[in-house]
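**Q** Provided herewith is a single structure, encoded as structure tokens, for subsequent inquiry.
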Protein chains: 2
Amino acid sequence: MKATVEPIRWHGDRLELLDQRLLPDQTVYVTCRTAAEVAQAIRDMVVRGAPAIGCTAAFGVALDKGSKESFAVLAKSRPTAVNLFWALERMRKAKDLKAEAEAIFAEDLAANRAMGKLGAELIPKKARVMTHCNTGALATAGHGTALGVIRSSKNKSISVVACETRPYLQGARLTAYELMQEGIPCTLITDSMAGHLMSRGEVDVVVVGADRIAANGDVANKIGTYTLAVLAKRHGIPFYVAAPLSTFDPKIPNGSRIPIEERAADEVTGYRGSRWAPEGVKVRNPAFDVTPAELITGIITERGIVRKPTRARVASLLSRSPAGAASGRRGRR
Amino acid sequence: MKATVEPIRWHGDRLELLDQRLLPDQTVYVTCRTAAEVAQAIRDMVVRGAPAIGCTAAFGVALDKGSKESFAVLAKSRPTAVNLFWALERMRKAKDLKAEAEAIFAEDLAANRAMGKLGAELIPKKARVMTHCNTGALATAGHGTALGVIRSSKNKSISVVACETRPYLQGARLTAYELMQEGIPCTLITDSMAGHLMSRGEVDVVVVGADRIAANGDVANKIGTYTLAVLAKRHGIPFYVAAPLSTFDPKIPNGSRIPIEERAADEVTGYRGSRWAPEGVKVRNPAFDVTPAELITGIITERGIVRKPTRARVASLLSRSPAGAASGRRGRR
């Protein structure tokens, strides 16, 4: 199965990143030859999505031959997605840096496919699936997390409601684009319309990704996710999170301890060159929010599904032998 | 108290409407000399806001000397705000059309001031008030409904969290603009951030307007309002609706019967000249949603506050003699 879009191209001496800020209008690659350039690309959101950030950072370390500075500059690029720190930790312990970065990338792709297969079993034969932000091939090494579950459900009669995901519009720009390329029916709405559609019975299931999952199952994800979870709960709609094991942070006891990135005001006062809010207005711009475990029907991972997540169930999943994984894949380190 | 902005200027032979599509960048007035021009201005959102639409339509009838066509074209301009149909009904019965339109305008301004005074009693001395869309001087004959309550609370230590209100960005463009002109501290957020701020204890009370209120207290208002009400309920935050009596539609038994306008796709796929969603993507664009009465702490009107609205309490308010109104104003027909 080939990914329809290639956000990350590794050439051994350089990394090419698809500039996601310009999608869907232009397909332009940014070439990075140093860890500092990779860190800048992550900070500026040339590449985004927790798993993709992890893979990209690993290649960044490899480009700088594991220099101390490469770890420092990459660790400071973005604070919330734990996949970044997870990947840096693996690179710190690795002997062959290029091979390790390539392994992280390959394992993420395999994890997404496993999640897709497992998650698809949760999607009804005929379903209107709501999702938020972009969690597709663009956000990962390929296939996608939540969008991977949707991709793997393509043989069913599904349609997707994509929330546009202000302020950065990943839903409108990236998810709609990937779904149209894939030929999956997609309806775009503003984030403010999700409640109305749910109240009219037009949503059967919600699937989103994650940027960091605490030990108790609380999930940090793109701003607006928490609101969808609250609405889904009110309407009795199943709410699933799809994320690889690299997104779990067992050192963080609960969601209140997850650092939430606050980004620049100009993302809220307008978009790209255009500005619509009055000059000088004060802005808040948290890029993520926290959905408490109690609102989550299940967390889909490559190793199995944690239903009604609790501290004990998350610990059980993380300690389980990969060989015993529901996905049936073996030998993953 | 003079309104800081003048959305509607009546000159007897012509109506000047502040083009709200261009705010806050440009202050341009559109001149209407016929009911058809007024209807077009309402449809295109030169003027918006339920009470302002009502006033504007009344002037439109007066411009055409009450012709049958004037009623027909105006009734078709926008479907949800009942103030439009209420104003047309008053004009249909009136003998002196100009005097009646001027009375509708003057009464709306007086109603807003009365609501502001009554509603301000519900706002704590120190409060962070969240609001949605624009319900200020721009949406009414002056002062505002929900924003009027905020204006009348200016002597307290208040700050406002304004939701940007996609797709049309009335919060970012109009509410932020009015609040800055008024010197009331204002923080702009995207609609998707409301839940996060509530979960962090950063919102004390929510006040919104209304486009139509059913006999049982269900409220149709700008898309996104329902979501704020669900979130407020979860967090135990009081949720108030401020609307004049002209917004009540006792003939509609409950919210499910309120017609919800679906607007053009290009409002969702971009903003003004810029487009960010892929060409050909399917879109939903309901302009309003319905908040059930059970989520509403109180409805603030010029005649008093309906706490925990029910069919009986709404009927009681509507049948109450204006002379006995809590606002103390007398002689309003």
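**Q** Restricted to the range B:246-273, and to residues that are among the polar types (S, T, N, Q) and within 11 Å of chain A (Cβ to nearest Cβ), which residue is farthest from A:ARG173 (Cα to Cα)?
**A** So the residue we want is B:SER256.
**Q** When you scan the range A:5-22, do you find a residue that is open to solvent by 60 Å² or more (accessible area, probe 1.4 Å) and either at pLDDT below 95 or within 21 Å of A:ASN221 (Cα to Cα) (or both), even just one?
**A** For the range A:5-22, residues open to solvent by 60 Å² or more (accessible area, probe 1.4 Å) and either at pLDDT below 95 or within 21 Å of A:ASN221 (Cα to Cα) (or both): present.
**Q** Considering only the range A:317-333, state which residues are modelled with pLDDT of 75 or more and either touching a strand residue (DSSP E or B) at 6+ places or on another chain (Cβ under 8 Å) or part of a strand (DSSP E or B) (or both). Talk me through it step by step, then tell me what you get.
**A** First, pick out the residues of the range A:317-333 that are modelled with pLDDT of 75 or more: A:317-321.
Matches in the range A:317-333: A:LEU317, A:LEU318, A:ARG320.
**Q** Sort out which residues of the range A:176-185 are in contact (Cβ under 8 Å) with a residue 12 or more places away in the chain and facing chain B (nearest Cβ under 10 Å), and write them in order of number.
**A** A:ALA176, A:TYR177, A:GLU178, A:LEU179, A:GLN181, A:PRO185, listed by residue number.
**Q** Against the condition away from chain A (no Cβ under 14 Å) and either open to solvent by 10 Å² or more (accessible area, probe 1.4 Å) or among the hydroxyl-bearing types (Ser, Thr, Tyr) (or both), how does B:PRO292 come out, does it pass?
**A** Numbers: away from chain A (no Cβ under 14 Å): no; either open to solvent by 10 Å² or more (accessible area, probe 1.4 Å) or among the hydroxyl-bearing types (Ser, Thr, Tyr) (or both): yes.
So B:PRO292 does not fit the description; no.
**Q** For the range A:305-316, enumerate the residues that are buried (at least 17 other Cβ atoms within 10 Å of the Cβ) and part of a strand (DSSP E or B).
**A** A:ILE305, A:VAL306
**Q** Working only within the range B:23-57, note down all residues that are surrounded by fewer than 18 Cβ atoms within 10 Å (Cβ to Cβ), in contact (Cβ under 8 Å) with a residue 12 or more places away in the chain and of a type in the set (Ser, Thr, Tyr).
**A** B:TYR29, B:THR31, B:THR34
**Q** For B:THR140, are the conditions met, namely being closer than 28 Å to B:LEU188 by Cα, hydroxyl-bearing (Ser, Thr, Tyr) and in contact with a helix residue (DSSP H, G or I) (Cβ under 6 Å, 6 or more places away or on another chain)?
**A** yes
**Q** With respect to A:GLU302, determine if the residue is open to solvent by less than 60 Å² (accessible area, probe 1.4 Å), within 25 Å of B:PRO24 (Cα to Cα) and at pLDDT 95 or above. Talk me through it step by step, then tell me what you get.
**A** On the way: open to solvent by less than 60 Å² (accessible area, probe 1.4 Å): yes; within 25 Å of B:PRO24 (Cα to Cα): no; at pLDDT 95 or above: yes.
Considered against the rule, which asks whether it is open to solvent by less than 60 Å² (accessible area, probe 1.4 Å), within 25 Å of B:PRO24 (Cα to Cα) and at pLDDT 95 or above, A:GLU302 comes out as no.
**Q** Give all pairs with beta carbons closer than 8 Å in which a residue from the range B:160-174 that is more than 16 Å from B:LEU22 (Cβ to Cβ) meets a residue that is among the small types (Gly, Ala, Ser) and in a strand (DSSP E or B); count only pairs at least 6 apart in sequence or on separate chains.
**A** These pairs meet every condition: B:GLY171/B:ALA162.
**Q** Is it the case, given these coordinates, that A:ARG90 is within 30 Å of A:ARG307 (Cα to Cα) and open to solvent by 10 Å² or more (accessible area, probe 1.4 Å)?
**A** The answer is yes for A:ARG90.
Let's see how each residue does on (1) outside the structural domain of B:ASN221 (by TED's automatic domain parsing); (2) within 22 Å of B:ASP249 (Cβ to Cβ); (3) not in a loop (DSSP other than H, G, I, E, B):
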| site | (1), (2), (3) |
| --- | --- |
| B:ARG48 | yes, yes, no |
| B:PRO51 | yes, yes, yes |
| B:ALA62 | yes, no, yes |
| B:PHE85 | yes, yes, yes |
| B:ARG90 | yes, yes, yes |
| B:GLU102 | yes, no, yes |
| B:ASN134 | no, yes, no |
| B:SER153 | no, no, no |
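**Q** May I ask you to list the residues in the range A:115-163 that are among the hydrophobic types (A, V, I, L, M, F, W, C) and closer than 17 Å to A:ALA50 by Cβ?
**A** Within the range A:115-163, A:MET115, A:CYS133, A:ALA137, A:LEU138, A:ALA139, A:ALA141, A:ALA146, A:LEU147, A:VAL149 qualify.
**Q** Which ones in the range B:110-131 are of a type outside the set (D, E, K, R), assigned to a helix (DSSP H, G or I) and surrounded by fewer than 22 Cβ atoms within 10 Å (Cβ to Cβ)?
**A** Across the range B:110-131, the qualifying residues are B:ALA110, B:ALA120.
**Q** Which pairs have Cβ atoms under 6 Å, sit 6 or more apart or on different chains, and link a residue in the range B:274-286 that is at the interface with chain A (Cβ under 7 Å from one of its Cβ atoms) to one that is part of a loop (DSSP other than H, G, I, E, B)?
**A** B:TRP276/A:LEU169; B:PRO278/A:PRO24; B:VAL283/B:ALA265; B:PRO286/B:ILE223; B:PRO286/B:ILE260
**Q** Can you name every residue in the range B:304-316 that is within 20 Å of the chain's Cα centre (by Cα) and in contact (Cβ under 8 Å) with a residue 60 or more places away in the chain?
**A** B:GLY304, B:ILE305, B:VAL306, B:PRO309, B:VAL314
**Q** Name every residue in the range A:136-151 that is in contact with a Gly (Cβ under 7 Å, 6 or more places away or on another chain) and either on the phi > 0 side of the Ramachandran plot or in a strand (DSSP E or B) (or both), in order of residue number. Write out each step before concluding.
**A** Start the filter on the range A:136-151 by keeping residues that are in contact with a Gly (Cβ under 7 Å, 6 or more places away or on another chain), which leaves A:136-140, A:143-149, A:151.
Answer for the range A:136-151, where residues must be in contact with a Gly (Cβ under 7 Å, 6 or more places away or on another chain) and either on the phi > 0 side of the Ramachandran plot or in a strand (DSSP E or B) (or both): A:HIS143, A:GLY144.
**Q** Against the condition at the interface with another protein chain (Cβ under 7 Å from one of its Cβ atoms) and either open to solvent by 20 Å² or more (accessible area, probe 1.4 Å) or of a type in the set (Asp, Glu) (or both), how does A:TYR168 come out, does it pass? Steps first, answer last, please.
**A** On the way: at the interface with another protein chain (Cβ under 7 Å from one of its Cβ atoms): no; either open to solvent by 20 Å² or more (accessible area, probe 1.4 Å) or of a type in the set (Asp, Glu) (or both): yes.
Here the answer is no, as A:TYR168 does not meet what is asked.
**Q** Within the range B:137-160, which residues are within 14 Å of another protein chain (Cβ to nearest Cβ), open to solvent by less than 10 Å² (accessible area, probe 1.4 Å) and touching a strand residue (DSSP E or B) at 6+ places or on another chain (Cβ under 7 Å)?
**A** B:VAL160
**Q** Mind checking which residues of the range A:189-220 are within 21 Å of A:GLU121 (Cα to Cα) and within 11 Å of chain B (Cβ to nearest Cβ)?
**A** Of everything in the range A:189-220, just one residue is within 21 Å of A:GLU121 (Cα to Cα) and within 11 Å of chain B (Cβ to nearest Cβ), namely A:GLU202.
**Q** Which residue out of B:ALA120, B:ALA81 is assigned by TED's automatic domain parsing to the domain that holds B:VAL208 and within 30 Å of B:THR190 (Cβ to Cβ)?
**A** Being assigned by TED's automatic domain parsing to the domain that holds B:VAL208 and within 30 Å of B:THR190 (Cβ to Cβ) holds for just one of B:ALA120, B:ALA81, which is B:ALA120.
The values are calculated or read from the model by the stated rules, or taken from the named source; none is laboratory data. Fair warning: this is a prediction, and the values are worked out from it, not measured in the lab. Backbone-built Cβ (ideal geometry, glycine too); neighbour counts: all protein chains shown. What goes into the accessible areas is simple: the full protein's heavy atoms, side chains included, and nothing from ligands, DNA or RNA. Shrake-Rupley method; radii C 1.70, N 1.55, O 1.52, S 1.80 Å.
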